[in-house]
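Please read the structure below before turning to the comments.
The values are calculated or read from the model by the stated rules, or taken from the named source; none is laboratory data. Worth saying up front: this structure is predicted, and the values here are computed from it rather than measured. Heads up, the Cβs are rebuilt from the backbone with ideal geometry, glycines too, and the neighbour counts pull from every protein chain shown. Areas reflect the complete protein model, heavy atoms only, side chains present, ligands, DNA and RNA absent. Shrake-Rupley method; radii C 1.70, N 1.55, O 1.52, S 1.80 Å.
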Amino acid sequence: MGSLYRIGRAPTMPIARFNWAANNGRGRISVVWHECSSKPKTDRAGDKFPDCMDPGQHTDVYYASVWLRGGNTNKVRVNDNRIRDQFTPALDFDAKGNVLVTFYDRRDDRNNINYHLYKAWINQNGRPISRNRRVSSFASTPNSGWPRSNFIGDYHETWMIPLNSRDTWFSSWTGEYRDNADIFISTIRP
């Protein structure tokens, strides 16, 4: 995927983790990515390419996993909102094999421009444990012009560490607060 509405470059970069706790400790590889909801366009040369730049199209975040000894999950949509863009996901897992997926989400902006960081709490098969929840306390825009207009960066990261005997998640992400684009870190408890 090359572009999103009002973001000139938004490639889908699949993020994979070896989830050692999944499948009763036998492990599986978990992957998240975003893709366009519409059919690919055809360029002048007749080549098909995914593109989601039109306002009527949108992207969704997906999850799949593969067992190390065969078997896999089907592709599962992670975002529980089917309107506007959800994109650029990241993931990590806990000691039970459950997965926290974070992603940028435009559901709160009827113009499909500004985004928040959202989280999805799913089991190792991709089934929701709870509804998607907003993580960021402010909306960010790709229109700020830093480092250039219609660009927010290519990815963000999510990881879990036990802190005081409690699973604690962190997410580093790109946002804009009071006209200052920067990298932010959020602490998340599922």
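General remarks:
- From ALA21, ALA16, ALA64, residue being at pLDDT 75 or above, under 20 Å from PHE170 (Cα atoms), of a type outside the set (D, E, K, R) and open to solvent by less than 40 Å² (accessible area, probe 1.4 Å): ALA21
- Residue list for region 96-112, filter: touching a residue at least 60 places away in the same chain (Cβ under 8 Å) and not in a loop (DSSP other than H, G, I, E, B): VAL99, LEU100, VAL101, THR102, PHE103, TYR104
- Residue check, THR174 open to solvent by less than 50 Å² (accessible area, probe 1.4 Å), at pLDDT 80 or above and either touching a Gly at 6+ places or on another chain (Cβ under 6 Å) or not in a strand (DSSP E or B) (or both): yes
- Positions within region 98-138 being among the acidic types (Asp, Glu) and over 19 Å from MET13 (Cβ atoms), in sequence order: ASP108, ASP109
- Being among the hydrophobic types (A, V, I, L, M, F, W, C) and at pLDDT below 85 is a condition met by at least one residue of region 30-41.
- Yes/no for ASP94 being among the acidic types (Asp, Glu) and either within 14 Å of the chain's Cα centre (by Cα) or open to solvent by 20 Å² or more (accessible area, probe 1.4 Å) (or both): no
- Checking each residue in region 99-115 for being open to solvent by less than 50 Å² (accessible area, probe 1.4 Å) and more than 15 Å from THR158 (Cα to Cα) picks out ASP105, ARG106, ARG107, ASP109, ASN112, ILE113, TYR115.
- When residues of region 149-162 are limited to those that are of a type in the set (A, V, I, L, M, F, W, C) and modelled with pLDDT of 85 or more, the one farthest from ARG106 (Cα to Cα): ILE161
- Flag if ILE83 is at pLDDT 95 or above and open to solvent by 10 Å² or more (accessible area, probe 1.4 Å): no
- Top-ranked residue of region 67-80 - restricted to ones that are assigned to a loop (DSSP other than H, G, I, E, B) and over 13 Å from the mean Cα position of the chain (by Cα), ranked as surrounded by the most Cβ atoms within 10 Å (Cβ to Cβ): THR73
- Pairing residues of region 163-189 that are over 11 Å from SER136 (Cβ atoms) with residues that are acidic (Asp, Glu) and not in a loop (DSSP other than H, G, I, E, B), at Cβ distances under 8 Å and at least 6 apart in sequence or on separate chains, gives TRP169/ASP92; SER172/GLU157; ASP182/GLU176; ARG189/ASP167.
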